[in-house]
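Here the structure comes first, spelled out in structure tokens, and everything after it is commentary.
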């Protein structure tokens, strides 16, 4: 199962404006925000992430609702979060 995970943008990486550092329930990593080039994305914004790419900008209420849904589906959520934790963390 493929899931989109909400994450909060912490910073835009200065020398790579197509990359942002995000926080996903305490896990911090770099993601590509190039697909959102037409939208202004900055610290404090929430994005929906899939396989390292921000697919859309969402608001905090949507992020909270998405996390509640993901937590409710159990095993698939746990597997996705384990994969995120095992990925390269910056």
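Restricted to segment 59-80, and to residues that are assigned to a loop (DSSP other than H, G, I, E, B) and exposed (fewer than 12 other Cβ atoms within 10 Å of the Cβ), which residue is farthest from the chain's Cα centre (by Cα)?
Top of the filtered list is 74.
Applying the selection to segment 19-48, what residues are touching a strand residue (DSSP E or B) at 6+ places or on another chain (Cβ under 9 Å), within 22 Å of residue 77 (Cβ to Cβ) and not in a strand (DSSP E or B)?
25 - this is the single residue of segment 19-48 that is touching a strand residue (DSSP E or B) at 6+ places or on another chain (Cβ under 9 Å), within 22 Å of residue 77 (Cβ to Cβ) and not in a strand (DSSP E or B).
Taking residue 84 as meeting all but one of (1) in contact (Cβ under 8 Å) with a residue 40 or more places away in the chain; (2) within 14 Å of residue 4 (Cα to Cα); (3) not in a helix (DSSP H, G or I), write down the number of the exception.
If we test residue 84 against (1) in contact (Cβ under 8 Å) with a residue 40 or more places away in the chain; (2) within 14 Å of residue 4 (Cα to Cα); (3) not in a helix (DSSP H, G or I), just (3) comes out false.
Step by step: first the residues of segment 1-13, then only those that are in contact (Cβ under 8 Å) with a residue 60 or more places away in the chain and under 10 Å from the mean Cα position of the chain (by Cα), then the one that is farthest from residue 79 (Cα to Cα). Which residue is that?
Selected residue: 6.
Which one of these is more than 19 Å from residue 86 (Cβ to Cβ) and modelled with pLDDT under 90: 68, 11, 38, 62?
Just a single option satisfies the conditions, and that option is 68.
When the residues of segment 14-58 are narrowed to those that are in contact (Cβ under 8 Å) with a residue 60 or more places away in the chain and in contact with a helix residue (DSSP H, G or I) (Cβ under 9 Å, 6 or more places away or on another chain), which ends up surrounded by the fewest Cβ atoms within 10 Å (Cβ to Cβ)?
27
The values are calculated or read from the model by the stated rules, or taken from the named source; none is laboratory data. Because the structure is a prediction, the values reported are computed rather than measured. Quick reminder, even Gly has a Cβ in these numbers, built from the backbone with ideal geometry, and neighbours come from all protein chains shown.
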